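Student: Here's a structure for you.
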Amino acid sequence: MDILPPPPHPRAIFNDNTLVFPSAIELLQYVTKNWQLNFVTIDLRTRELIKLFVRRPFFMLLSIDGPLTLRFMRSGEESLEKFVRDNDRVSFGVGVSDPAETDFDESSSLLSLRDLVNVHVFNSFKTIPSLHKHLEELNVLDPERLRPGWDAYFMV
């Protein structure tokens, strides 16, 4: 028996099993009402937004990383130098890889989010099925990852 998705949020766009919300706050309201379903988003791009979601007991932040050269080969980018500069900006913050920049802003860098991450995944797998197998073994959908059961809770 398939579980039907809840009715879309009044301001959400629903197509191809994708919900698109006008704002992160409206996304948060929707997933809070439907907390027993699983959702995935890649659009929380600042620490402030992520902190709003981290407060919810059903939210899990996943970090996925891999070797730089492997990510470069997978990216399709032609310039290694541009790829490394972009990687530094995303990983460490604005201004870190630009010699002309004197100010360095790490507030929205991946590094600044490490303390909020629940699960770190290192993707050095050669194939997508190998990565999928690893993710299955991690069992990230296990509800006890976020809320331990009574046995786990009292055994600590």
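The values are calculated or read from the model by the stated rules, or taken from the named source; none is laboratory data. For clarity, every value in this text was computed on a predicted model and none was experimentally measured. Note that we place each Cβ from the backbone using ideal geometry, even for glycine, and neighbour counts take in every protein chain shown.
Student: Mind checking which residues of the stretch 43-58 are under 26 Å from residue 94 (Cβ atoms), in contact (Cβ under 8 Å) with a residue 40 or more places away in the chain and assigned to a loop (DSSP other than H, G, I, E, B)?
Tutor: Selection gives 45, 46.
Student: Please state which one of 87, 123, 139 is over 23 Å from residue 38 (Cα atoms) and at pLDDT 70 or above. Quick ask: steps written out before the conclusion?
Tutor: Numbers: 123 fails: over 23 Å from residue 38 (Cα atoms); 139 fails: over 23 Å from residue 38 (Cα atoms).
Exactly one residue qualifies, and that residue is 87.
Student: Cβ contacts < 8 Å: first residue over 20 Å from residue 63 (Cβ atoms), restricted to the stretch 21-42; second residue exposed (fewer than 11 other Cβ atoms within 10 Å of the Cβ) and of a type in the set (A, V, I, L, M, F, W, C), any location; separation 6+ or different chain. Result?
Tutor: Filtered contacts from the stretch 21-42: 37/3.
Student: Right, another one. Of all residues in the stretch 52-69, count the ones that are polar (S, T, N, Q) and either touching a Cys at 6+ places or on another chain (Cβ under 8 Å) or surrounded by 13 or more Cβ atoms within 10 Å (Cβ to Cβ) (or both).
Tutor: Residues that pass the stated criteria total 1.
Student: For residue 46, indicate whether it is within 14 Å of the chain's Cα centre (by Cα) and of a type in the set (S, T, N, Q). If you could, list the steps in order and put the result at the bottom.
Tutor: Numbers: within 14 Å of the chain's Cα centre (by Cα): yes; of a type in the set (S, T, N, Q): yes.
Yes; evaluated as a whole, the condition is true for this residue.
Student: Being more than 17 Å from the chain's Cα centre (by Cα) and in a strand (DSSP E or B) is the filter here; which residues of the stretch 15-41 pass it?
Tutor: Listed by number, the list holds a single entry, 15.
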